[in-house]
Structures are given as structure tokens and as C-alpha cells.
Amino acid sequence: MHQPTEDENPSLCHYIFPATAGKPAHRCGSPALRGQHFCYYHHPTRRRVANPNERAARRVARQAFDITLPHSRPELNATLSEIIVRIAANRIDLRRAGLLLLALQTAARNLPNPPLPTRRQLASGMGKSLHE
Ligand SMILES: [Zn+2]
């Protein structure tokens, strides 16, 4: 019985990989989608990454990083600054950034409030500005 060769078999992907250094152009050869000429990865309807740098940017955005757990308001501000810098530089997934900001908002509510100014401080600084 005649076995169809790779070129004759219609159930294999027809995509041709371009020649590279040391390797000539060759056919994909993966199983084609039913009734189609291409496999899942090479089918023309599959959405491709428009910009190769986009994939690298997404990888960077998903990378783990360490943040300081805020136990005081200065630490909270430092952690907040870290996240803001990462958002601005597009180095964090926006969904993860949103979750972190929400968690920091909750942490800020749970931190003790800063001490109220004393009467002396009010009289020397803030009190004057209120009456001027
Ligand atoms: Zn293929």
C-alpha cells in the first residue's frame, strides 16, 4: 500500500519555514486542522503578535519583584512609589498593579493615623495661617 509522503499528505500543515543559517526552508508538517491546510499555529486566522517587542514587554510585566510590606506611612509611600514607577515604565501588568494599589489602600486604612498637632504647634505654625 502506498503511504502518502509529507508533500502529498493533505492532513499535514502546508506552512513553509523560511531558510535560516544552516537549515534550508522546510515544511511545518504538524497535523493540519480538520479540512484546513494549516495547523493551529500557522492558520491565517490566528492572531499574531504585531510587534515582537510586545511579547518581550509582556514578559517583563509579568516578572516577579519584591516590595516592602508597609508597616508605617513612609514604608507605604516607598511601596507606592515603586508601583508608580513600574506602571510609568510599563514594567508591571496593569491588573496586578491595580490589585497591589487596592491592597495598599487597605493597608493605609489599617495604619495608625499620624499624631495630631499639639496646641503649641498649632499656635506657632498652623494656627497663625488660619487667622491670617
Ligand atoms: Zn504548521
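Filter the stretch 14-73 down to the residues that are under 30 Å from N113 (Cα atoms) and in contact with a helix residue (DSSP H, G or I) (Cβ under 6 Å, 6 or more places away or on another chain), then identify the one that is surrounded by the most Cβ atoms within 10 Å (Cβ to Cβ). Here the residue is P70.
Looking only at the stretch 13-34, decide whether some residue is part of a loop (DSSP other than H, G, I, E, B), more than 17 Å from the chain's Cα centre (by Cα), within 16 Å of the ligand (Cβ to nearest atom) and among the aromatic types (F, W, Y). For the stretch 13-34, residues part of a loop (DSSP other than H, G, I, E, B), more than 17 Å from the chain's Cα centre (by Cα), within 16 Å of the ligand (Cβ to nearest atom) and among the aromatic types (F, W, Y): present.
Of note, L116 satisfies the criterion of being among the aliphatic types (A, V, I, L, M), in a loop (DSSP other than H, G, I, E, B) and modelled with pLDDT under 90. If you check A88, A64 for being small (G, A, S) and modelled with pLDDT of 90 or more, only one passes: A88.
The values are calculated or read from the model by the stated rules, or taken from the named source; none is laboratory data. Worth saying up front: this structure is predicted, and the values here are computed from it rather than measured. Heads up, the Cβs are rebuilt from the backbone with ideal geometry, glycines too, and the neighbour counts pull from every protein chain shown.
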